[in-house]
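Below is one structure, written out as structure tokens, with a few remarks after it.
None of the figures in this text is laboratory data; all of them are computed from the coordinates on show. None of these values were measured; they are calculated from a predicted model. Positions of Cβ are backbone-derived with ideal geometry, glycine not excepted, and every protein chain shown enters the neighbour counts.
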Amino acid sequence: MKHHIIDNFIDPILFSSIRDTTTRDTFFWFYNDFVNYRPCKGFKFTNEIVKDSNLTHRVFISYLTMVKPVLDKINPKKLHSVRFNLFTQTLEPQKYLINHHKKNSKVAILFVNNTNGGIEIDNNFIKSTENQLVSFDSNTEYNIVTPTKNEIFTYLVVNYD
């Protein structure tokens, strides 16, 4: 399956909750320091909700509630994970290969803010545009491309069937 892009994916009021939460200093980010593998020269922060691991923690329940409009719209039969990622700027664009989703499933990426970062998929660069969703099969490899302007790049990744 080739990737599919949907602009203005969810209602702007519902989207503003996701954008405001993940781009401000109140979100519960975990720093990923790439101890065993450093894919790029930037900094990556992440927060992942995985089935049967930490879904019941009160912090994550509020995050799942926040992304419920996204989940309602993609209508997953089975949810494998919901991941929030944040990349900081780098001097030059850095590419970070992503190929670790559950095999033979689907992936949906919702860009949370406008940056000059984005993803490279099917030999195309898709610039991060807030409230834009990119969906594709999990067997498709893609690169995260870090922003080079003084900004952060945040997005939501849903892996589902």
Item to complete: Give, in nm to one decimal, the length gained when the segment between residue 75 and residue 129 is fully stretched (0.36 nm per residue of separation minus the Cα-Cα distance).
Response: 17.2 nm
Response to the item:
Sequence order, region 67-81: Karplus ³J(HN,Hα) from phi using 6.51 cos²θ - 1.76 cosθ + 1.60, θ = phi - 60°, Hz rounded, Gly and Pro as x, gives 8, 3, x, 5, 5, 4, 6, 7, 6, x, 6, 9, 9, 8, 6
Worksheet item: Using +1 on the beta carbon of Lys and Arg, -1 on that of Asp and Glu, and nothing else charged, what's the dipole of region 82-126 about the Cα centre, debye to 20?
Response: 320
Worksheet item: Within region 59-161, which trypsin sites (Lys or Arg not before Pro) sit in a loop by DSSP and count at most 15 neighbouring Cβ atoms inside 10 Å?
Response: 77, 78, 102, 103, 149
